[in-house]
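What follows is a set of notes on a single structure, which appears directly below.
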Amino acid sequence: MKSVVLDTNVLLDIFVFNDFRAVHLKQALIDRQVDALATSKTLEEFADVISRPLFCLEQEVQDRILSQWHSIARVLDDETLLIAPWQCQDPDDQVFLNLAYTAKPSLLISKDNEVLKLANRAIKEDLLITSDYSTIVG
């Protein structure tokens with residue numbers, strides 16, 4: 001089973017925007033076709049982002065989204081993560097790299113350009129970084 005790390009923007013597409021490009025990805029998660037990974041830090045970031053006024057989500061909706069993601073994701077302890085050999089300027093993004101690096105061979109689906117720039121180096125470490133949602137079901 002593939003270990004998959006999804007960054008916050010991808011989670012927004014899946015759980016908040018119901019983006020049509022993410023339909024198969026969401027179904028693969030629900031059907032447990034992949035080993036979806038998270039940490040307390042990534043869960044906290046997702047909770048923080050969906051609570052922002054920009055999204056206009058009532059607390060009940062936020063709770064339901066977080067509960068669904070938490071029930072799908074296998075949560076690893078932040079303190080046990082290995083440090084990826086590539087560094088992001090944004091520490092909020094670094095945790096996703098570290099998580100995927102710890103779980104390799106793994107797949108990191110991200111929409112962050114700084115993370116995506118590391119794809120060529122990461123593949124040498126058995127970590128595929130992509131923005132392609134269909135990679136998970138391919």
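The values are calculated or read from the model by the stated rules, or taken from the named source; none is laboratory data. These numbers come from a predicted model, not from an experiment. Every residue, glycine among them, receives a Cβ derived from its backbone with ideal geometry; neighbour counts consider all protein chains shown. These accessible areas exclude ligands, DNA and RNA; they are computed on the full protein's heavy atoms, side chains included. Shrake-Rupley method; radii C 1.70, N 1.55, O 1.52, S 1.80 Å.
None of 34, 75, 49 is under 26 Å from residue 126 (Cβ atoms), of a type in the set (A, V, I, L, M) and touching a Ser or Thr at 6+ places or on another chain (Cβ under 7 Å) except 75. Residues of the range 1-35 that are open to solvent by 60 Å² or more (accessible area, probe 1.4 Å), within 13 Å of residue 68 (Cα to Cα) and either assigned to a strand (DSSP E or B) or of a type in the set (D, E, K, R) (or both): 31, 32.
Residues to consider are 118, 82; find the one that is without any contact (Cβ under 8 Å) to a residue 60 or more places away in the chain, surrounded by 19 or more Cβ atoms within 10 Å (Cβ to Cβ) and farther than 17 Å from residue 8 by Cα. After ruling out the rest, the residue left standing is 118.
Results for (1) at pLDDT below 95; (2) more than 13 Å from residue 103 (Cα to Cα), shown as yes or no for each residue.
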site	(1), (2)
2	yes, no
11	no, yes
14	no, yes
23	yes, yes
37	no, no
43	no, yes
48	no, yes
59	no, yes
82	no, no
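Answer with yes or no whether residue 38 is touching a residue at least 60 places away in the same chain (Cβ under 8 Å), in a helix (DSSP H, G or I) and surrounded by 13 or more Cβ atoms within 10 Å (Cβ to Cβ). No: the conditions fail for residue 38.
There is no residue in the range 60-68 that is closer than 17 Å to residue 129 by Cβ and in contact (Cβ under 8 Å) with a residue 12 or more places away in the chain. Here residue 74 meets each of (1) free of Cβ contacts under 8 Å to residues at least 40 places away in the same chain; (2) within 13 Å of the chain's Cα centre (by Cα); (3) farther than 16 Å from residue 128 by Cβ; (4) open to solvent by less than 10 Å² (accessible area, probe 1.4 Å) with one exception, condition (4).
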